[in-house]
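The values are calculated or read from the model by the stated rules, or taken from the named source; none is laboratory data. Model, not experiment: these values are computed from the prediction. Please note: Cβ atoms are built from the backbone with ideal geometry, for glycine as well, and neighbour counts cover all protein chains shown. Surface areas here come from the heavy atoms of the whole protein model, side chains and all, with no ligands, DNA or RNA. Shrake-Rupley method; radii C 1.70, N 1.55, O 1.52, S 1.80 Å.
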Amino acid sequence: MYHVVGTGITITILYLVFFLFQKVSILSASDNRKIWNLILMLTFLITGVAGIILAIRVNYKLKGDFFDQLLRWHVETGVAFSFTGIIHLLRHLSYFRNLFGELQPGIRSDPELSAPESAVSSGTNLFLLGFVSTSVQLLLLREIINITGGYELIAGTYLAAWLINSAAGSFFAGRTGKVNIRSLNIIFALAPLLSVALMILSGRLFLHAGETPSFLESILITTVVLLPVCFMSGFLFIKLLETAAAKGFRSSGRSFSIETAGGIFSGLAVTFLSSGVFDTYQILSAVLFLFAIFLSVSFISSGRWFKPPLIFLWTLLLLFTLWFSPSVFVRQVMLPGIKVTGTTDSPYGNVTTGEYRGENFVYYNQRLARWSYDETEREESVHYTMLQHSDPKRILVISGDIRSLFPELMKYHPERIVFVERDPELLKIVKKEMEYKTNLILIEDDVFRYLRKTEDVFDIVIMNMPPPSSLQINRYYTEDFFRLVHSRLDTAGVFTCSPGVFENYFNDQSANLYSIIFNTLNKVFRNIVPIGGNRLYLIASDGRLQTGICSLYEKSGIRNVYVNCDYLDDELIRMKSLEIQDLLRKETRINSLSGPLATYFFQAYHLTRTPGRTVPALILLAILFVLPSLTVSSRNFPMYAAAASLAGFEIYALLTIQSVMGNIYHLTGLVISAVMAGLAAGSGIKFMDRKEGMVKAYLIIMASFYIVVFFINDHLPSIESGALFTGIILLLSFIPSFLAGSLFRILSAERDSKITASGVYGSDLTGSALGFIAVSALLLPLAGSGTTLLTFAGITLTAFIFAVVRSKS
C-alpha cells in the first residue's frame, strides 16, 4: 500500500508550519525557499534516479528483490515530490504569471516585527521555556516509544531528533533579526499541540493499530513529530538570550542556567505526577494551560477587557483537564478498531481496555496483550514446559496473561501458583478477575528483586517476557538472571523462556540473537532443549529433558485443544529441535548486564526484517545526526565533545538504573533532572573562570571522572538498597553535567554575541544528538558499559589534546 493521502497531508501541514514561521519572521523568505527547494531537489533525485534504474530493469529484464523495494521508493518519493511541487507552485504562482505579464516591482523583504516591551522578565520566560519544553520532551518520549516499539535505538533517535531540531531552531534564530517575543511565545505554546496531532496522524495514516514501524518509519515519524516543538524551543531560547542581552543581562551561561532550572523542576514534577497521580495527556494539557495563563498575564495589557475572562477560561480548562482526562479520546483516535472503555498510565507503560462485538481486549503500549481464543499460544507456553516435570507442585509464572494460562496450569493440580507482574495497572485487572483463586498468589514486583529476596523454591518457572528488544528487557535474558532463577529451582526444576518468534528460516541476525540466549542458558543449566512452535521455546533444567511432547502428553492424562497427538508429532519435533541446536551454536559469547549483546543482535535482526528500508534508514540517520557535526567550528569542538560524552553517559545512567530497578519511565525524569541540575549549576555558578586554560582543565577532569566510574562500574549492581543505588547514579549524573555546563559558560562568554551563543548552543545540541545515537544503538549494546565509559574518556581526552594544540597555534 502506498501512503498517498498520508504523505500529502504531512507535506501540506509542514509547508503551512514553515509558511507561518516565515510570516512571523522566524524564517526569512529566502531561507524558507531554500529549505523547500532542497526538499524538492532530494525527492526529485530519488524519484528520477529510481525511475531510470527501473527503466533499465524493464529493458534488460533484470530480476531481484532490490527492484521491488526501489519501485516502492520511486512511488513514495514521487508522491512527496508531487505534493511539494504542487504546493510550491501555488505558493509562487504570481512569479509565473509575471513571466507573461508586466514586470512587477521586486519582492520586498518581510517587514521586521518589533518586539514590544512586556512586564514579564526574560528570566521568567526562560524558566517557563525550560519547564514546558522538558515536560513535553518527557511526555512525548513515552508516547513515541510506545508507538515505535520501545527499544533503545528508538529512544536514542528520539533524543537525538529532539536536539537536532532544537539546534536547527537556534541556527535560524542566529540568522534572523528582531522578532516579536509575544508572537514567538504564542507559537511555542501551540507547537506541542501540533506535535501531538502529527503523532496521532502518523499512527493513523502510516500504521495499523498495534503495528511496529520499521526503523526508517520510526526515524521519519520521530523527526516530523518533534519538529514543531523542538524548532520553536531552540529558536525562542536564542531570541530570549538576545532580549536579555539588550536589557544589559550579558551572561549567556546564566540565561542557560535559568532555562535549565525550569527543566529540572519539570523533570521532578513529571516524575511525581506520572507515578499514578495523572496520566500523560492530563499532565501535557495542564502544562500547556499553565503556559497559556502565563502568556495571558504577561503579554496582554491590563486595559484589555478580555484579559480577566481569558485567564478565568484557561484556569477552568486546567481544572477540567485534571478532573476529566482527555486520554480516552486520544486512545480512541489511535485505536479505531475497538471501542475504548478505559486507559491508564503506569510507571512502565499504558494499559488500554476496549470492546468489540462483546469481546474484551487489553492493549499494552498500543499492542494487543489479551484476547480470546488464544489456545495455541497459551497451550504451547504452558505444556511444553509442564510436561517435562513428573509432579509440578510449585509454579512461578513471570508476566503474561495469567487469566488465560491459569486453566492450563490447573490441569496438573499444583499446590501453589505464584504470578509476578511488575506493572501495577496490569495486576489490577488480574486482581479483579482472579482474587478468589485460593492457590494463586499475585505479586506486584520486578521479578529480579522478587527472586533476590524470596526463599521459595519452585518446580517450574515460566517466563513470558517479550524478546530482548531493549536493555530493560535484556536483563531477563542475562547470565545474572538465569543464575538467580537456577538458585530458586528444585533439583529437577524446569525453566523456559521465549526470545522470539520461531521461523522456518533463521537469517544470520536471528541466529546470532538466539545463539546468545541459548549459550547463556547453557552456561547455567546442564540441559537445554529448543522447541519450535509459534515461538521459539528454550527449555532448561539440570534434570532430564525430552522432545517427545506427544508421548509425555499421553502419559499425563490431560486433555488439550492444540498440544496433543492430533496436531503434533514427536519425530518432527525431535528433528526440528536438533536442526535448531545446530543453528544456535553459531554465537558463543554470553549475554550479561554489563555486556547486553542480545539487545544489539535484536536491533540488527529488526533492521533486516525490512531489507529495502535498512540502507535508506541508515543514510537518513547519517544525514540527520552525523552531517550536522561538520558544521561545528574548531572553537566549539570542546563543547561538542563534552556534550557527546555527557549524552552518552546519560544513556548509560538511564540503562544502569533500570537494569537494577527495572523501570524506565518513572526514573527517566529523575535522571534528566540530575543532568539538568548539573548543567544549571555549571552554567550559572562562576567557578575559577578567570584562570588561564580552564577549558582544558574541565576536559581533563571530565576524562578522569569517566575513568573512575569505569573502575566502580562492576560494583554498582551489588548495592542492595534501591534508594542508595538510585542516589549514587543521580550523583554520578550530576558531576559531568556540571563540568559541561561550566564549559558552556566559559565558551559562550568569550564573545557573548548572538552568533557565539547560537554556535556554542548548536554545538552542544549536535554533540548530544550524536552521543545519544552512537551509545544507544551501537556502543553500549555491542561493547558493554566498561568499554563505553572508556570511550567517553577517550572523547574528552581528544578534545583536551585538540584544545592544547589550538592554544599553541
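Okay, here's what the table says:
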| read-out | value |
| --- | --- |
| Contacts under 7 angstrom Cβ, first residue in the stretch 721-747 being free of Cβ contacts under 8 Å to residues at least 60 places away in the same chain, partner small (Gly, Ala, Ser) and buried (at least 24 other Cβ atoms within 10 Å of the Cβ), 6 or more apart | 735/678 |
| Residues located in the stretch 493-527, provided they are in contact (Cβ under 8 Å) with a residue 24 or more places away in the chain, over 31 Å from the mean Cα position of the chain (by Cα) and surrounded by fewer than 24 Cβ atoms within 10 Å (Cβ to Cβ) | 523, 524, 525 |
| Helices (runs of 4 or more DSSP H) lying entirely in the stretch 45-162 (those with 3 or more residues that are open to solvent by 30 Å² or more (accessible area, probe 1.4 Å) and either charged (D, E, K, R) or modelled with pLDDT under 75 (or both)) | 65-91, 93-99 |
| Answer from 442, 484 - the residue that is touching a helix residue (DSSP H, G or I) at 6+ places or on another chain (Cβ under 7 Å), in a strand (DSSP E or B) and surrounded by fewer than 20 Cβ atoms within 10 Å (Cβ to Cβ) | 442 |
| Condition met for residue 377 (surrounded by fewer than 22 Cβ atoms within 10 Å (Cβ to Cβ) and in a helix (DSSP H, G or I)) | yes |
| Subset of the stretch 208-236 [farther than 18 Å from residue 76 by Cα and among the aliphatic types (A, V, I, L, M)] | 209, 225, 226, 227, 229, 232, 236 |
| Test: residue in the stretch 183-200 that is modelled with pLDDT under 80 and of a type in the set (Ser, Thr, Tyr) | no |
| Members of the stretch 448-471 found to be farther than 16 Å from residue 498 by Cα and touching a residue at least 24 places away in the same chain (Cβ under 8 Å), listed by number | 448, 449, 450, 451, 452, 454, 456, 457, 458, 459, 471 |
| Residue list for the stretch 566-601, filter: open to solvent by less than 30 Å² (accessible area, probe 1.4 Å), of a type in the set (S, T, N, Q) and not in a helix (DSSP H, G or I) | 591, 592 |
| Check on residue 257, of a type in the set (Ser, Thr, Tyr) and either more than 25 Å from residue 180 (Cα to Cα) or modelled with pLDDT of 90 or more (or both) | no |
| Test result for residue 623, over 30 Å from residue 694 (Cβ atoms) and either touching a helix residue (DSSP H, G or I) at 6+ places or on another chain (Cβ under 8 Å) or modelled with pLDDT of 80 or more (or both) | no |
| Subset of the stretch 445-472 (residues that are surrounded by fewer than 15 Cβ atoms within 10 Å (Cβ to Cβ) and of a type in the set (Asp, Glu)) | 455, 456 |
| Test: residue 296 is part of a helix (DSSP H, G or I) and surrounded by fewer than 21 Cβ atoms within 10 Å (Cβ to Cβ) | yes |
